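Nothing in this text is a laboratory measurement; each read-out follows from the coordinates by a stated rule. Remember, predicted model here, so these are calculated numbers, not experimental data. In this analysis, Cβ positions are derived from the backbone assuming ideal geometry, glycine residues included, and neighbour counts consider all displayed protein chains.
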Amino acid sequence: MILETIQEVQRLLPNTILLSSDKITQVGQYLSFNRFSKMNSKESLFEFKLYIAGYTLDKNTEGVLILCDEFINILQDNKTNAFLGYLASLILVDDARLITHNEGLYIYAISFSVRLRI
């Protein structure tokens, strides 16, 4: 169930790489699966973070912020019933923020959760 949910999220968020390290050093969009919890016998909650890393020119973060907007729009456009094979699904964007910047590489994190009803 966890692997299938991660694959469905990656289907919704094209060009994301499943994060395999605790340090981001390159430009890209990285997906991190953070938590699974069983809410009751029919509902499950999955928590994710999407990290968007990009270099900027003259400290202009516009390019990275445009990508953040695009991904938030994708998540909100697919807010309900975007997952195949489930009675219901709900995607909630919890938070979006700059988490670090180092030598021109800005990294933003978008936290979101997915609720699935079987």
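What does the helix-only formula give at 222 nm for the chain: each DSSP H stretch with n ≥ 4 adding -39500 (n - 2.57), the total divided by the residues, and the result rounded to the nearest 500 deg cm²/dmol? All intermediate terms of the calculation are to be shown ahead of the outcome.
Details: 2 runs with 27 residues, N = 118.
One gets -7500 deg cm²/dmol as the mean residue ellipticity at 222 nm.
Report relative contact order for the chain in percent, whole number only (criteria: Cα-Cα under 8 Å, sequence separation at least 6).
Numbers: 220 pairs, mean separation 29.6, N = 118.
Here the relative contact order equals 25 percent.
From the backbone phi of the range 19-32, what are the Karplus-calculated ³J(HN,Hα) couplings (6.51 cos²θ - 1.76 cosθ + 1.60, θ = phi - 60°) in whole Hz, Gly and Pro given as x?
Karplus values, whole Hz, x for Gly and Pro: 5, 10, 9, 8, 10, 9, 10, 10, 4, x, 10, 10, 10, 10.
Output the antiparallel fraction of DSSP beta bridges having both residues in the chain, as a percent to the nearest 5.
Numbers: 38 of 41 bridges.
That works out to approximately 95 percent antiparallel.
Which distance in Å, rounded to a whole number, links the C-alpha centroids of the range 8-55 and the range 99-117?
Using only Cα atoms, the two centres lie 9 Å from each other.
What's log10 of I(q)/I(0) for the range 72-113 at q = 0.18, 0.30 Å⁻¹, Debye sum over Cα points only, no solvent?
So the normalised log intensities work out to -0.60, -0.99.
Starting from 0 in steps of 10 Å, tell me what percent of the Cα-Cα pairs of the chain lands in each bin.
13, 46, 28, 10, 2, 0
Which angle from 0 to 90°, rounded to the nearest 10, does the C-alpha axis of helix 62-77 make with the longest principal axis of the chain?
Taking Cα atoms only, the helix is inclined about 10 degrees.
For the range 23-118, state which chymotrypsin sites (Phe, Trp or Tyr not before Pro) are in a DSSP loop and have at most 12 other beta carbons lying within 10 Å of their beta carbon.
Of the chymotrypsin sites (Phe, Trp or Tyr not before Pro), not one in the loops of the range 23-118 has a Cβ with at most 12 other Cβ atoms within 10 Å.
Springs between alpha-carbon pairs under 10 angstrom, Gaussian network model over the chain: which of Asn73, Asn34, Asn102 fluctuates most?
Maximum fluctuation in the GNM of the chain, among the listed residues, is at Asn102.
Just going by the charge dipole of the chain, with Lys and Arg at +1 and Asp and Glu at -1 on Cβ, which of Asn73, Pro14, Tyr86 is farthest out on the positive end?
Value: Tyr86.
Relative to the longest principal axis of the chain, what angle (0 to 90°, nearest 10) does the C-alpha long axis of helix 2-12 take?
60
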